Amino acid sequence: MVYPLVRRLTAEGRMRDAHWVSLNPTGPETVRLPGLTLHNVRMRPQRMAGYGRTKEAIWGTIHGLNAPSASAGLFWTDSFSEYAYYNRLTAERIRALDKEEDFDLFYIHDFQQLPVGQMLDTLKPKVFRWHIPFDADTIPEEWAALITSYLDAYDLVIVSTDRYRESLVRFGYKGDVLRFYPYVDPAEYARPTPGEAAATCAKFAIGPEDAFVLVVARMDPAKGQDRALLAFAEVAKNRPHLRLVLVGNGSFSGAKSGLGLSKADRWRERLRGLAEELHIADRVVFTGHVSQAELDGLYERCLFTLLPSTNEGFGLVVVESWLHRRPAIVTIRAGISELIEDGKNGLLFDPESSSDLARQMVRLLDDPAELAARLVRHGRTTARKCSLEEAAQAESLLLERLLEA
Amino acid sequence: MAFIPTEYLPFVYVPIILVITWLLARLTSLLIASVMRSSNPQVVLGARRLGALVVWLVGGIAAIQELGISPLIALLFIALFGLAAILGLRPVLENFGSRYFADVYSPFKVGDTIRVGAETGKVIEINAMTTVLLTEADTLVSLPNALFMREVVTNLSPQAWKELTIPLAVPSVVDLPAFESELLKSLTKLRLRLDKRFPPVLTTRARGPQSTDLMLTVMIRRPEERDAILADVHARISDTLGRFTGRASRRANAGESSAAP
């Protein structure tokens, strides 16, 4: 998400000589691109494993997936010292680069790098972008002081929704908090020809007579694919040609070249088991990772999309769905739900109730023409709020404000 | 040495004396570090430097004597210079020294609200000579550091008793991320004695070509354990720093570049 923005701001002359420091254990130390230099931070596998455990534990807790016992004492573990190691390594790399380049501003993205701000001993502006949900009530009391001290090291924090902004203020953060919606570049969403879409469907054994509902999400319990299966089992009983397509694989954390965890594999097996139990295994397609062209083809052929996450920082797949002219049914636990008016630009459901999701699916299945058209028409208007254009404008104003100050 | 003419012998002995002095200075420094391992790392560093300086002074005098110059002249010169410096710069040295000890032993830091004598305010600066307070009336009060050694200082910040702030200097040759990681790992052993809501945090205070000045903050659970925990934390810092400094020296001696993280 960040790279297209950097590219756009650089192309418009609003940013120049950007440097990007990120974790990449297999990449070369430095990669030069036009207007941007990538610096890969590398760590030994043992350290990566500890860092990964802490990162996953924080992620799971913030998403409300972990039991309180899982978060207890996390900041006192050896794994946490590896998380601190990675952050210090990143901060030191940034500091060394700053010595050479004399940057104007530091823009730190997401919780994996949260301590960097405190470790960077600079008086230059430091901005932190919190990409995951921020709900003060899900942050364990034991973590509050440390997270507050990390956040306080930044001059400004950006969150993805108004709800997170209010929560962050309630949490006690005293700096400026802004809300910028995450964004996509509409220009990147091409409409495939019917032939291309049919070829993609054929690859996944979806016949021309089959209609299907699409879920595009990483294989992760937080993404709630199990909710989709339960609801699908209810609505599919009387619809023999209806299928459910689950697109997505593991994340960087789950990739063999990444942090070496296997959460995605475990979750996929669990979902397969659930599909068997529900007697819908033959009607559920697990595509794994697909190319952008294949994804475009699946969007083109689906009836509508589901975002069934139990907790979702934002949910850009909904915007993608709108851009592909497909209506979306969205969990109320996704950040983007605050942009959705039920029945106008989307349908909302409570992820705790698969019946609620099934009810909304039936609404769309029973009234495909009129309701879908309305949801798409208004959805596409809403999508403009989450466009690269809007983001570039907002980020430019922010940079101007900080640098002029 | 029969083959070296007598008049050239001092030029042979002086380098030997200097090498021996260097070795003794290193040995003294290591000995002090070992004996003072549970003291504040800044104090240990100062003591190691002082010990090495004394050894170098003795070695230097021995070398001067070997060259045929009376050591008394050198000693006299040093003594007079020292006396003049002490008399002339007494207030400066007093404040400077107080700053050093205040940094190590005074229970306050920038950001705390303190009371010293009749003055109360938020500490906004601690420099070599003075500590600057911002009072509630929005005025600045500059207090000589020496005052903090004479007056009762009250830290009014909430739960100030919990907080232990320990300054430490990490030599530039040490791999800072690895050092921090090891130190945090070592400090987790004290978790039952520390406030579980506040894990130890290392913040950077200043950077120089030789070292990075850090501040370790830990929060204790029981006030009566403050001294014992402080000594334990000092020992852990000294041990970790010693290991990393030794590793860096061995790498330097072996002519290796720094190892991959």
How many angstrom lie between the C-alpha centres of region A:376-399 and region B:116-142? 48
When chain A is treated as a Gaussian network with springs between alpha carbons less than 10 Å apart, the largest mean-square fluctuation among A:133, A:115, A:186 is found at A:186
Hey, can you find the accessible area per residue of chain A for me, probe 1.4 Å, expressed in square angstrom? 42
What list of ³J(HN,Hα) values in whole Hz, one per residue of region A:184-201 in order, does the Karplus curve 6.51 cos²θ - 1.76 cosθ + 1.60 (θ = phi - 60°) give from phi, with Gly and Pro shown as x? 10, 9, x, 5, 8, 9, 8, 9, x, 6, x, x, 5, 5, 5, 5, 4, 4
Sequence-distant aspartates and glutamates (8 or more away, or on other chains) whose Cα lies within less than 20 Å of residue A:99: A:17, A:29, A:121, B:175, B:213
About its Cα centre, the protein assembly as shown carries a charge dipole, from +1 on Lys and Arg Cβ atoms and -1 on Asp and Glu Cβ atoms, whose size in debye to the nearest 20 is 1060
Near the amide H of residue A:21, under 5 Å away, which other amide H atoms are found, from residues 5 or more places off or on another chain, if H is placed in the peptide plane? A:39
Nearest 100 Å² is fine: how much accessible area is buried between A and B, summed over both sides, with a 1.4 Å probe? 2300
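From other protein chains only, count the Cβ atoms within 10 Å of every residue's Cβ in A:76-82, then give the mean. Walk me through the numbers on the way to the answer.
Working: counts 12, 5, 4, 1, 5, 11, 4.
The shielding value for this peptide is 6.
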Separation of region A:29-103 and region A:314-344 by C-alpha centroid, Å? 31
For residue B:212, other-chain or 5+-apart residues with amide H closer than 5 Å (H placed, Pro excluded) are B:170, B:172
Helix-only CD estimate at 222 nm, as mean residue ellipticity for chain B, using -39500 (n - 2.57) per DSSP H run (n ≥ 4): -17500 deg cm²/dmol
In debye, nearest 20, what is the charge dipole magnitude of region B:160-254 about its Cα centre with +1 on Lys and Arg Cβ and -1 on Asp and Glu Cβ, if you could check? 260
With x for Gly and Pro, the residue-by-residue ³J(HN,Hα) of region B:217-222, computed from phi through the Karplus equation 6.51 cos²θ - 1.76 cosθ + 1.60 at θ = phi - 60° and given in whole Hz, is 10, 10, 10, 8, 9, 10
Check the straight Cα-Cα distances from residue B:189 and name the lysines below 16 Å, setting aside those fewer than 8 residues away within the same chain. none
Amide proton proximity set for residue A:184, modelled H, under 5 Å, gap of 5+: A:387, A:388
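Take each of the peptides A:10-19, A:308-317, average the number of other beta-carbon atoms within 10 Å over its residues, and list them starting from the highest.
Details: A:10-19: 14.0, A:308-317: 24.4.
Highest to lowest by the protection proxy: A:308-317, A:10-19.
Given a Förster distance of 35 Å, report the FRET efficiency between residue B:11 and residue B:251 from their Cβ-Cβ distance, rounded to the nearest 0.05.
Working: r = 34 Å, r/R0 = 0.98.
The value I calculate is 0.55.
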With label points set 7 Å from each Cα along the Cα-to-Cβ direction at residue A:32 and residue A:141, the distance between them in nm comes to 5.5
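Ranked highest first by average number of other Cβ atoms within 10 Å, how do B:35-42, A:324-331 line up?
Working: B:35-42: 18.6, A:324-331: 24.8.
Answer by packing, highest mean first, reads A:324-331, B:35-42.
Can you give the accessible area per residue of region B:6-88, in Å², using a 1.4 Å probe?
Working: 5660 Å² over 83 residues.
Solvent-accessible surface per residue comes out at 68 Å².
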Expected max-MSF residue from A:161, A:61, A:305 in the GNM of chain A (alpha carbon, under 10 Å) is A:61
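Going through the cross-link list A:263/A:385; A:55/B:185; A:55/A:263; A:55/B:162, which pairs have a Cα-Cα distance over 24 Å in this structure?
Working: A:263/A:385 33 Å; A:55/B:185 17 Å; A:55/A:263 13 Å; A:55/B:162 29 Å.
Violating the 24 Å Cα-Cα cut-off are A:263/A:385; A:55/B:162.
If you roll a 1.4 angstrom probe over the protein chains with everything in place, what fraction of the accessible area of the protein assembly as shown belongs to carbon and sulfur, to the nearest %? Kindly include the intermediate steps, with their values, before the conclusion.
Details: 18350 of 32100 Å².
Carbon plus sulfur share of accessible area: 57 percent.
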Cα→Cβ-extended label distance, 7 Å offset, between residue A:67 and residue B:85, nm: 6.5
Of the residues B:142, B:128, B:111, the Cα lying farthest along the dipole of region B:107-155 towards its positive end, which is defined by charges on the beta carbon of Lys, Arg, Asp and Glu, belongs to B:128
For residue A:174, which aspartates and glutamates qualify as cross-link partners when the Cα separation must be under 19 Å and same-chain residues fewer than eight apart are set aside? A:110, A:135, A:137, A:141, A:152, A:155, A:162, A:166, B:112
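Order the following by accessible area, largest value first: B:161, A:76. Probe radius 1.4 Å; ligands, DNA and RNA are ignored. Walk me through the numbers on the way to the answer.
Working: B:161 100, A:76 10 Å².
Final ranking, largest accessible area leading: B:161, A:76.
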Give me the percent of DSSP beta bridges within chain A that run antiparallel, rounded to the nearest 5. 10
Expressed in square angstrom to the nearest 10, the accessible area of residue B:56 with a 1.4 Å probe stands at 100
State to the nearest 20 debye the size of the charge dipole of region A:280-405 about its Cα centre, where the only charges are +1 on K and R beta carbons and -1 on D and E beta carbons. 340
In a GNM of chain A with a 10 Å cut-off on Cα contacts, which of A:377, A:32, A:359 has the highest mean-square fluctuation? A:32
Difference of contour (0.36 nm per residue) and Cα-Cα distance, residue A:369 to residue A:352: 3.3 nm
Roughly speaking, what is the stretch gain from residue A:338 to residue A:100, that is 0.36 nm per residue apart minus the C-alpha to C-alpha distance, in nm to one decimal? 81.4 nm
In region B:157-182, accessible area falls by at least 40 Å² from chain alone to full assembly (1.4 Å probe) for B:177, B:180, B:181
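So if we plug the beta-carbon distance of residue B:139 and residue A:176 into 1/(1 + (r/R0)^6) with R0 = 30 Å, what FRET efficiency do we get, rounded to 0.05? All intermediate terms of the calculation are to be shown ahead of the outcome.
Numbers: r = 28 Å, r/R0 = 0.95.
Efficiency, rounded to the nearest 0.05: 0.60.
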Per residue of region B:202-214, what does 6.51 cos²θ - 1.76 cosθ + 1.60 with θ = phi - 60° give for ³J(HN,Hα)? Whole Hz please, x for Gly and Pro, Karplus curve as stated. 9, 10, 8, 9, 7, 10, x, x, 8, 7, 10, 8, 10
Residue-level accessible surface for residue A:71, protein heavy atoms, 1.4 Å, Å²: 10
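The values are calculated or read from the model by the stated rules, or taken from the named source; none is laboratory data. Not measured: the values here are computed from a predicted model. Heads up, the Cβs are rebuilt from the backbone with ideal geometry, glycines too, and the neighbour counts pull from every protein chain shown. Keep in mind that these areas ignore ligands, DNA and RNA; they rest on the heavy atoms of the full protein, side chains included. Shrake-Rupley method; radii C 1.70, N 1.55, O 1.52, S 1.80 Å.
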